Amino acid sequence: MIHSVKGMRDILPPSSFAWNHVEATARRIFARFNYQEIRTPILEETALFARSVGEETDIVSKEMYTFEDRDGSSLTLRPENTASVIRSYIEHRLDQQPGLQKLYYIGPMFRRERPQKGRYRQFYQIGAEAIGSDSPAIDAEVIEMVATILQELAITGFELLINSVGTKESRQRYNEALRIELESVAPKLCSDCQRRAVTNPLRVLDCKVPEDQPIIDSLPSILDYLSDEDREHFRRVREFLDDRHIAYTVRPRLVRGLDYYARTTFEITHGALGAQNAILGGGRYDGLAESLGSKVPAPGIGFSIGEDRLVMTVEEGKAIQSPKLDLYIAPMGDPALRHCAVLAGDIRQLGVSVEVGTDRKLKRMLELANKLSARFTLIVGEDEIAAQSYALKDMVSGEQTTMTRQKLLEHFQHG
C-alpha cells in the first residue's frame with residue numbers, strides 16, 4: 001500500500017467542512033477591509049527566499065524543499081508567501097496602481113521540519129499584505145483585521161503579543177550589544193543558538209528551546225536601542241490599538257523568524273494548542289521590496305495565519321457542525337431511479353442537498369438515510385410516478401405528508 005508522504009496529509013470530511021468555513025470567513029473579512037486575492041506559484045526561484053527570508057534562518061538553511069530543474073536552475077517549493085507577493089508586486093508594477101495594494105492569499109506552503117501537533121511539512125496559510133504605506137495606522141488596521149477573523153470564528157481567549165524590532169540602523173546597534181552579551185553565555189545555549197550568536201544574534205531571541213529561555217530573558221531589550229523615530233512609530237501603533245480597544249502585551253523578545261521584518265512585529269497565541277501555541281504572526285517589512293530589486297520604496301506590513309492550527313482550534317471549540325443532508329430519495333427499481341434522477345436535479349436547483357439511493361433494497365437505503373442524518377426522505381415507486389404524488393417523511397418528527405410534484409418543489413423552495 002502507498003501512503004501519504006511523511007508530514008503531509010489528506011483532509012477528509014467532515015474536517016474539510018471546517019476548513020471551508022474558516023476560509024469563507026476569512027474571505028468575508030478581507031472583503032470588508034478592501035483586500036483582493038492574489039494567487040502566486042507554488043514554485044519560485046530559490047534566490048527569492050534566500051535573499052528575502054535570510055541565508056542564516058532555519059527555513060533557508062534547513063527546511064526548504066529545493067531541487068535543481070532540468071535546465072540547471074534552482075527551484076524551491078514556497079516556504080512562505082510574503083516574498084512571493086512582493087516579487088509579484090515588483091514584476092507586475094503594482095506600485096503604479098492607485099492607493100495601497102491590499103492583497104490576501106490562501107494556500108499551501110512547504111517546510112521540511114519535524115511533524116508535530118498542528119505542524120506539517122505541507123501546511124496551509126491564510127495571509128495578507130498591505131503594501132505602499134509606512135503609517136502606524138495601517139499596522140493597527142492589519143491587527144484589527146486579524147482579530148476580527150478570529151472573533152468571527154468564535155475563537156476566544158487568544159493573546160496578542162506585539163513588539164518593535166526597529167529599522168535596520170536600530171537593529172544594527174542592538175545586534176552589536178547582543179553579540180557582546182552573548183559571548184559569555186552562548187556556550188550554555190543550544191547548538192543552534194551558539195551558531196546564531198555568531199552569524200545573526202537577533203535570531204537567538206527566536207529560540208524555542210525551553211532550557212534556553214531564562215538566559216534569553218536576561219539579554220538586553222531591543223526597545224532600549226530603538227531610534228526616536230522608531231520609538232514614536234511603535235507608540236502610535238499602540239495608540240491606534242488602544243483606540244480600538246484591542247488588548248495586547250508588549251513582548252520585547254518577539255522578533256519573528258524571518259530577516260525581512262522591521263519595526264512592528266506581532267503574534268497571536270492560543271492556549272488550546274499546547275507548546276506550539278502560535279496561531280499566526282506577522283509584521284512590517286519596509287525595505288524588502290528594495291532588497292528584491294524594486295527601484296521604488298514599497299513599505300508594507302502583513303501576516304500569515306497557520307490554517308492547520310486555526311482549524312484545529314475551531315474544531316476543538318465545536319463552534320460549527322458539519323452540514324446535514326436535506327433529502328434522501330429511495331427509488332424502487334430502475335424506472336424509478338431514472339425518474340428520481342430528474343426529480344433530484346429539479347430540487348437541487350432550489351439550493352437543497354439531495355442524495356439518490358442506488359441500492360436495490362429499500363431497507364438498506366433507509367438505513368443509509370439515517371446514517372447520513374437526512375432531514376427528509378422520499379420513497380418513489382411505480383405508483384408514485386403514475387400519480388405524480390409523493391410521500392415525504394420528516395425524519396425528526398416522523399410525520400409523513402403526501403404532496404404533488406409541484407407542492408414538493410414549493411416545500412423545499414420555501415423551506
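The values are calculated or read from the model by the stated rules, or taken from the named source; none is laboratory data. A quick note: this is a predicted structure, and the numbers were derived from the prediction, not measured. Note that each Cβ is placed from the backbone with ideal geometry, even for glycine, and that neighbours are counted across all protein chains shown. Just so you know, the surface numbers come from the protein's heavy atoms only, side chains and all, with ligands and any DNA or RNA stripped out. Shrake-Rupley method; radii C 1.70, N 1.55, O 1.52, S 1.80 Å.
Let's see how each residue does on (1) touching a Gly at 6+ places or on another chain (Cβ under 9 Å); (2) within 19 Å of A83 (Cβ to Cβ); (3) in contact (Cβ under 8 Å) with a residue 24 or more places away in the chain:
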position: P98; (1), (2), (3): no, no, no
position: Q101; (1), (2), (3): yes, yes, yes
position: I106; (1), (2), (3): yes, yes, yes
position: E113; (1), (2), (3): yes, yes, yes
position: E129; (1), (2), (3): yes, yes, yes
position: S135; (1), (2), (3): no, no, no
position: A140; (1), (2), (3): no, no, yes
position: A147; (1), (2), (3): no, no, yes
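Return yes when E80 is closer than 29 Å to P136 by Cα and open to solvent by 30 Å² or more (accessible area, probe 1.4 Å) and no when it is not.
Details: closer than 29 Å to P136 by Cα: yes; open to solvent by 30 Å² or more (accessible area, probe 1.4 Å): no.
When the stated conditions are applied, E80 does not pass them.
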Filter pass, E159 being touching a strand residue (DSSP E or B) at 6+ places or on another chain (Cβ under 7 Å), open to solvent by 20 Å² or more (accessible area, probe 1.4 Å), of a type in the set (D, E, K, R) and not in a loop (DSSP other than H, G, I, E, B): yes
Given (1) touching a strand residue (DSSP E or B) at 6+ places or on another chain (Cβ under 6 Å); (2) part of a loop (DSSP other than H, G, I, E, B), index of the condition D359 fails: (1)
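Results for (1) part of a helix (DSSP H, G or I); (2) within 22 Å of the chain's Cα centre (by Cα), shown as yes or no for each residue.
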{"residue": "A47", "(1), (2)": "yes, no"}
{"residue": "S61", "(1), (2)": "yes, no"}
{"residue": "E80", "(1), (2)": "no, yes"}
{"residue": "A83", "(1), (2)": "yes, yes"}
{"residue": "S88", "(1), (2)": "yes, yes"}
{"residue": "P98", "(1), (2)": "no, no"}
{"residue": "P108", "(1), (2)": "no, yes"}
{"residue": "E113", "(1), (2)": "no, yes"}
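Name the single residue that is nearest to V185 (Cα to Cα) among those in the range 207-239 being part of a loop (DSSP other than H, G, I, E, B) and not aliphatic (A, V, I, L, M).
S218
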Test for T66: is it open to solvent by 60 Å² or more (accessible area, probe 1.4 Å), more than 20 Å from the chain's Cα centre (by Cα) and of a type in the set (S, T, N, Q): yes
Any hit, the range 25-33, residues being surrounded by fewer than 19 Cβ atoms within 10 Å (Cβ to Cβ) and not charged (D, E, K, R): yes
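Counting just the residues of the range 115-147 that are among the hydroxyl-bearing types (S, T, Y) and more than 13 Å from L280 (Cα to Cα), which one comes out most open to solvent (accessible area, probe 1.4 Å)? Before the answer, list the steps.
Applying the first criterion (among the hydroxyl-bearing types (S, T, Y)) to the range 115-147 yields 120, 124, 133, 135.
Add one more test, that the residue is more than 13 Å from L280 (Cα to Cα), and what stays is 120, 133, 135.
Details: Y120: 54, S133: 26, S135: 38 Å².
The selected residue is Y120.
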Which numbered condition E367 fails, given (1) in a helix (DSSP H, G or I); (2) of a type in the set (D, E); (3) under 23 Å from P13 (Cβ atoms); (4) in contact (Cβ under 8 Å) with a residue 24 or more places away in the chain: (4)
Every pair of residues 6+ apart whose Cβ atoms lie under 9 Å, when the first sits in the range 45-72 and is more than 11 Å from A83 (Cα to Cα) while the second is at pLDDT below 85 and open to solvent by 90 Å² or more (accessible area, probe 1.4 Å): S61/E55
Number of the exception - A31 against (1) without any contact (Cβ under 8 Å) to a residue 12 or more places away in the chain; (2) outside any helix (DSSP H, G or I): (2)
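Can you name the residue in the range 183-193 that is in a helix (DSSP H, G or I) and within 25 Å of E267 (Cα to Cα) and, of all such residues, is modelled with the highest pLDDT? Write out each step before concluding.
Initially, the range 183-193 is screened for residues in a helix (DSSP H, G or I), giving 183-188, 191-193.
Retained after the next criterion (residues that are within 25 Å of E267 (Cα to Cα)): 192-193.
On the way: D192: 83, C193: 88.
Filtering first and then ranking leaves C193.
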Candidate set: the range 359-371, residues that are of a type outside the set (K, R) and surrounded by fewer than 15 Cβ atoms within 10 Å (Cβ to Cβ); chosen: the one farthest from T401 (Cα to Cα): D359
Residues that are open to solvent by 50 Å² or more (accessible area, probe 1.4 Å) and either within 24 Å of the chain's Cα centre (by Cα) or in contact (Cβ under 8 Å) with a residue 24 or more places away in the chain (or both), drawn from the range 162-181: K168, E169, R173, E181
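Being surrounded by fewer than 18 Cβ atoms within 10 Å (Cβ to Cβ), free of Cβ contacts under 8 Å to residues at least 60 places away in the same chain and closer than 22 Å to A128 by Cα is the requirement here; does P41 meet it?
yes
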Top-ranked residue in the range 323-356 [being part of a loop (DSSP other than H, G, I, E, B) and under 14 Å from S373 (Cα atoms); ranked as most open to solvent (accessible area, probe 1.4 Å)]: K324
